[in-house]
Amino acid sequence: MKVYELKYNDSCMDLNTMDWDHELGSDFNGNSKGKIWTPTKVKTLYKKKYSDFPRLIIGKPIMKKNVKEVFEDHISKEVELLPLIHDELELYVVNVTNILECVDWNRSDVRSYSDGDFAGFNKLVFDFSKIPNNTYMFKIKETATVEVFVTDLFKEVVDEHKFKGLNFSVVYDSDFTEEKEEEQQQLYDAVLEEIERNKGQEYTYDAARELVDQGETMSSGPWKMRLDDQRQLWLGQLLKDLSYQWLMPAYIPPVLLLKSWHVVDRIKE
């Protein structure tokens, strides 16, 4: 079995809510919202290339009507498909209510606050024996407000119907043994060492941002930053599978302001 974190392609349509006080802006933590839901309007920020799975800037999964019609029989026991209002498209927000207790705590690396409370995962590993074979979508209670996971069954439907807009690069594999995990870490460390050896002139964050505004792609260790065609800033983080996960930041993490940056060839992304 394979599990993927639900991520979006950089070329998918971007949407935003028109009413920040609506339930759409609340935490989607796995609880049902069907009885209190009323449709709310969303607007297109950037049409881009793909619209089967538009990206809602505030982070909730969205799908078009044609996708809903294909998926609803598969996922009806795992999610609520809540209607939205849009000027051109019939859209639904996906409220995942299927919460599984499936974290492999022995192999996962947990991050904690100073008081000992859970702060997140540096490394998340699943106990696949606790994920039912017929699962399509689920959450875990520890990250229910910020992450949705889908299985290879979900991906097979996406591939079969050629739906566009998702990025399946973040993968958790039941065949991923501790030996393979160690090998992956060694490759990841080797790439970071290569980046460090080949960097040229270094710049402060402020100087690097000026170069980004001029069209350059800047790198610092596992991080990159660049502008898209609409001149919106994107941050990319190197993942363990050696792909980059890109996001449009609401703010810049303070640690990145202290790093040194260098120019990289955008073609090599």
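The values are calculated or read from the model by the stated rules, or taken from the named source; none is laboratory data. For clarity, every value in this text was computed on a predicted model and none was experimentally measured. So basically every Cβ, Gly included, is an ideal-geometry build from the backbone, and we count neighbours across all protein chains shown.
May I ask you to list the residues in segment 239-257 that are touching a Ser or Thr at 6+ places or on another chain (Cβ under 9 Å) and of a type in the set (A, V, I, L, M)? Leu239, Leu256, Leu257 - these are the residues of segment 239-257 that are touching a Ser or Thr at 6+ places or on another chain (Cβ under 9 Å) and of a type in the set (A, V, I, L, M). Counting residues in segment 89-105 that are of a type outside the set (D, E, K, R) and part of a helix (DSSP H, G or I) gives zero. Of all residues in segment 89-111, those satisfying the criterion of being under 18 Å from Val42 (Cβ atoms) and either aliphatic (A, V, I, L, M) or at pLDDT below 95 (or both) are Leu89, Leu91, Val93, Val94. Just a yes or no: is a residue in segment 37-54 of a type in the set (A, V, I, L, M), on the phi < 0 side of the Ramachandran plot and not in a strand (DSSP E or B)? No.
Residue-by-condition table, conditions (1) closer than 19 Å to Ser11 by Cα; (2) under 16 Å from the mean Cα position of the chain (by Cα); (3) part of a strand (DSSP E or B):
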position	(1), (2), (3)
Met225	yes, no, yes
Gln230	yes, no, no
Gly236	yes, yes, yes
Lys240	no, yes, no
Gln245	yes, yes, yes
Pro249	yes, yes, no
Ile252	no, no, no
Lys259	no, no, no
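If you go through segment 165-188 and keep only what is at negative phi, in a loop (DSSP other than H, G, I, E, B), of a type outside the set (A, V, I, L, M) and within 15 Å of the chain's Cα centre (by Cα), you end up with Phe168, Ser169. Evaluation of Asp27 against the conditions (1) of a type in the set (D, E, K, R); (2) over 23 Å from Val158 (Cβ atoms); (3) more than 18 Å from the chain's Cα centre (by Cα) shows that the sole unmet condition is (3). If you go through segment 139-165 and keep only what is within 22 Å of Arg111 (Cβ to Cβ), in contact (Cβ under 8 Å) with a residue 24 or more places away in the chain and hydroxyl-bearing (Ser, Thr, Tyr), you end up with just Thr145. Looking across segment 193-215, the residues that are surrounded by 13 or more Cβ atoms within 10 Å (Cβ to Cβ) and modelled with pLDDT under 95 come down to Ile195, Lys199.
For first residues located in segment 166-191 and within 21 Å of Ile131 (Cβ to Cβ), partners that are surrounded by 11 or more Cβ atoms within 10 Å (Cβ to Cβ) and β-branched (Val, Ile, Thr) and lie 6+ apart or on another chain with Cβ distances below 6 Å form the pairs Tyr172/Val3.
Identify the residue in segment 154-185 that is touching a Ser or Thr at 6+ places or on another chain (Cβ under 9 Å) and modelled with pLDDT of 85 or more and, among all such residues, is surrounded by the most Cβ atoms within 10 Å (Cβ to Cβ). It comes out as Phe154. Out of curiosity, is Met63 within 17 Å of the chain's Cα centre (by Cα), among the hydrophobic types (A, V, I, L, M, F, W, C) and under 22 Å from Asn134 (Cα atoms)? So Met63 fits the description; yes. For Asn122, are the conditions met, namely being of a type in the set (S, T, N, Q), closer than 18 Å to Glu5 by Cβ, out of contact with any Leu (no Cβ under 8 Å at 6 or more places or on another chain) and not assigned by TED's automatic domain parsing to the domain that holds Gln230? So Asn122 passes the test.
If you check Leu81 against the conditions, is it under 21 Å from Asn134 (Cα atoms) and without any contact (Cβ under 8 Å) to a residue 60 or more places away in the chain?
For Leu81, the condition - under 21 Å from Asn134 (Cα atoms) and without any contact (Cβ under 8 Å) to a residue 60 or more places away in the chain - is met.
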